[in-house]
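The values are calculated or read from the model by the stated rules, or taken from the named source; none is laboratory data. Since we're looking at a predicted model, the values are computed, not measured. Counting neighbours? That spans all protein chains shown, and the Cβs are built from the backbone with ideal geometry, glycine included.
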Amino acid sequence: MSSDTFFRSPSEFVQVVLDTLNTQLGLTIHSTYRREATQLDAPLVSYLIGEIETLNEMSNDGRKQHHLELRFLVEVPTSLPTFDLEALDLSSRLQRELLLQRFGCSEDVKDSRLVSNLPSQFDPHHGVLARTVTMRQTVLIGPIEEDWLLLEEVDGYVGNASEPSIVIRADSAPPAAGD
């Protein structure tokens, strides 16, 4: 994201992650929450937003910080001959993509951390094996404050007369061209 675009809410970051993963992995990732039960015929990846912590402090550039946890559930039907290996491969692909990606917004995220890639459910009665890949990310929300510091050389001396003095001036807008 550039200085002109920024996240207005944590859900915008989640949507960017989902769009990127859908494109990179060739999947359609939906929410884990479903309105009705469905029979699993093929591997399925869904997401769940885990723990959210809104920090009561600003980042260095004046933006609000949110710690966000995303959990990706990889479900594989046990009707596949090697369902456990299929779940392992798909969760590993997902994990690798999460580690490689900055989701096109490296200025608006920091402290990306993969927490786990663990089996989370084995239900032979319903015919499913699930693995959960968990990622934690710090997301910066809001526009960057645009305070500028300008270093100026001035005539006169402070301390040693043989060295020019430097004055630091804080402005709320960038200096005009030629200043």
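Assorted remarks:
- Answer from 88, 48, 70, 55 - the residue that is of a type in the set (A, V, I, L, M, F, W, C), in contact with a strand residue (DSSP E or B) (Cβ under 9 Å, 6 or more places away or on another chain) and at pLDDT below 90: 55
- Among the residues making up the range 112-136, none is outside any strand (DSSP E or B) and within 18 Å of residue 14 (Cα to Cα).
- Inclusion of residue 62 among residues that are on the phi > 0 side of the Ramachandran plot, over 15 Å from the mean Cα position of the chain (by Cα) and modelled with pLDDT under 90 is warranted.
- Residue 85 being under 23 Å from residue 123 (Cβ atoms), of a type outside the set (S, T, N, Q) and surrounded by fewer than 17 Cβ atoms within 10 Å (Cβ to Cβ): yes
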